[in-house]
Amino acid sequence: MTEIIVSALGKIILHGEHSVVYGRSAIACSLNIRTYLKLSQTKDERVSLVFPDIDLTQSWSLEEVNSIQFSQGCEILNPNPPTEDVIKQLKKIAGSGATEINNTASIVFLYIYLSLCKNRKQGIELKVKSELPIGAGLGSSAGFSVCLSSAFLILTGNVSAPGSDNIWKSDDLELINKWAFMGETLNHGTPSGIDNSIATYGKAIKLKSGTVHKLDKIPNLRILLINTKIPRCTKDLVAGVRRKYEMYEGIITPVLNSMEAIVSRCEAVLSDMTGNHCDVTSCYKKLQDLIDMNHDLLRFLGVSHPSLESVCKTCQQYGLHCKLTGAGGGGCAFCLISPETTEETLQTVEIELKKQNFECWETSVGGNGVMCHDPACGTTSSIPDFLKTT
């Protein structure tokens, strides 16, 4: 196989951000906005990475990358995070990029490549295109790691490319997810595993106390995703909630318990919506109420932001329901689009939000995870034009 094209989803947190840190549940859903990767085998003896969305173009000789020595053997089926010595070697070869995102992307790429493809004689070029905004808390780094892992595992024959139905073997998905998690450790230090699991498996998951449960009964929900473009520091926001919790535990604990109850109720409603006798109007009304209540609780914890409040106010003026997703403090929010929402209303809301310099995407949640776009099966129509060029 001289060419491999794969893609992976983003993610949003429906409910449970921040409370999940305190042993409560969170529901995360796949976001049907993808990161795409095209791997091409080349005739030169170089390894190249082209990622225009982060202004990254780098190339290394095979001799240079193969010079990195791993102090411990690499187990394909049971990967381990790189040692400090390996990270030091990777940083030296990766060089100093224009941004921290560039540097980390190069390091993740080199580590997964060397772990799975070390000592290959043939050069490769990887081109990456992300439809997700980078660094907005929507799982763009996990999508990149899943694409890298799946492409290299297919290349080396450690997993089998799925057929035109894109149904993978369960063991292959598990292995892809393990290697993507290794990439996420380089990105985030101690990741929860939510982002790479969603990007790999799709649909939705519930996370509680580090344990991930796949949720299969998930309807395809339309949403309006809004990026405030306000940068935020997740670490600082989490620390701010921690200070409140330690100072006012008796007050904050009931808030966290209410967030847990919202997650449980949301899971039940989503399950009902996949049944044959669902009252669609009633279910959407419940989801809207839960969205409103959860955003109010997050505001109470101090993790909202004037930009997020402006987004919610604009949506509310047109009868729509919106909440922040992720750490808060800026970043993104989502608005649920019910069957009763007219296209005229939706277009008006988007115009009003864009006037405030916010970015908007109409999309859906609950889609399938990692995909292989095999030209032989005629499944390249959905990939960006940038990756169709030779």
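The values are calculated or read from the model by the stated rules, or taken from the named source; none is laboratory data. Just so we're clear, the structure is a prediction, and the values are computed from it rather than from any experiment. Cβ coordinates were reconstructed from backbone atoms using ideal geometry, including for glycine residues, and neighbour counts include every protein chain displayed. Just the protein is used for accessible areas: all its heavy atoms, side chains included, with ligands, DNA and RNA removed. Shrake-Rupley method; radii C 1.70, N 1.55, O 1.52, S 1.80 Å.
Along the axis of the charge dipole computed for the range 275-354 (Cβ charges of +1 for Lys and Arg, -1 for Asp and Glu, origin at the Cα centre), the listed residues Ile351, Ser307, Ser282 are led at the positive end by Ser307. Accessible area per residue for the chain, computed on protein heavy atoms with a 1.4 Å probe, is 44 Å².
Simple spin-label estimate for Ser59 and Asp165 gives 4.2 nm between the two label positions (7 Å along the Cα-to-Cβ direction from each Cα). With springs only between Cα atoms under 10 Å, which of Ser209, Ser192, Ser338 fluctuates most in a Gaussian network model of the chain? With Cα springs under 10 Å in the chain, the top fluctuation among Ser209, Ser192, Ser338 is at Ser209. Taken over the C-alpha atoms, the chain has Rg and Dmax values of 21.4, 65 angstrom. Each 10 Å bin from zero up to the one holding the largest Cα-Cα distance in the range 230-300 carries the following percent of pairs: 17, 37, 28, 15, 3. Taking the C-alpha atoms only, the angle from helix 100-117 to the longest principal axis of the chain is near 50 degrees. Working note: 222 nm ellipticity from helices only, DSSP H runs with n ≥ 4, each -39,500 (n - 2.57), summed and divided by the residues of the chain, gives -13500 deg cm²/dmol to the nearest 500.
For the chain, the dipole from Cβ point charges (+1 on Lys and Arg, -1 on Asp and Glu) about the Cα centre works out to 480 debye, to the nearest 20. This model, with +1 at the C-beta of Lys and Arg and -1 at the C-beta of Asp and Glu, gives the range 120-228 a dipole about its Cα centre of some 100 debye. A simple rule links phi to the HN-Hα coupling: the Karplus curve 6.51 cos²θ - 1.76 cosθ + 1.60 with θ = phi - 60°, which for the range 156-173 gives 8, x, 7, 9, 9, 5, x, x, 5, 7, 6, 9, 8, 5, 4, 5, 5, 5 Hz, with x for Gly and Pro.
Between the listed residues Gly326, Leu270, Trp361, the Cα displaced farthest toward the positive end of the dipole of the range 237-390, a dipole computed from Cβ unit charges relative to the Cα centre, is found at Gly326.
Cross-linked pairs Lys235/Lys285; Lys169/Lys214; Lys235/Lys313; Lys91/Lys229; Lys88/Lys208: Cα-Cα separations exceed 23 Å for Lys235/Lys285; Lys235/Lys313; Lys91/Lys229; Lys88/Lys208. Taking the average, over residues, of other Cβ atoms within 10 Å as the packing measure, peptides 290-296, 28-34, 215-221 rank 28-34, 290-296, 215-221 from highest down. Ignoring ligands, DNA and RNA, what percent of the accessible area of the chain is carbon or sulfur (1.4 Å)? Within the chain, the accessible surface is 50 percent carbon and sulfur.
In the elastic network of the chain, a GNM with C-alpha springs shorter than 10 Å, the most mobile of Gly202, Gly189, Gly135 is Gly189. Think of each Lys and Arg Cβ as +1 and each Asp and Glu Cβ as -1; about the Cα centre, that makes the dipole of the range 39-87 roughly 180 debye. In order along the range 335-349, phi translates into HN-Hα couplings of 10, 6, 9, 8, x, 7, 6, 7, 5, 5, 4, 4, 5, 5, 4 Hz, rounded to whole numbers, per the Karplus curve 6.51 cos²θ - 1.76 cosθ + 1.60 with θ = phi - 60° and x for Gly and Pro. Largest first and in whole Å, the equivalent-ellipsoid semi-axes of the range 240-390 read 32, 21, 20, each the square root of five times a Cα gyration tensor eigenvalue.
Computed from Cα positions, the angle between helix 306-316 and the longest principal axis of the chain comes to roughly 60 degrees.
Accessible area of Trp168, 1.4 Å probe, to the nearest 10 Å²? Roughly 30 Å² of Trp168 is accessible to a 1.4 Å probe. Could you tell me whether the range 40-188 comes out rounded, prolate or oblate from its Cα gyration tensor? Rule is a ≥ b ≥ c as square roots of the eigenvalues, rounded for a/c under 1.5, then prolate if a/b exceeds b/c, otherwise oblate. In terms of gyration-tensor shape, rounded. Here each label is just a point 7 Å from Cα along the line to Cβ, and for Thr42 and Gln356 those points are 4.5 nm apart.
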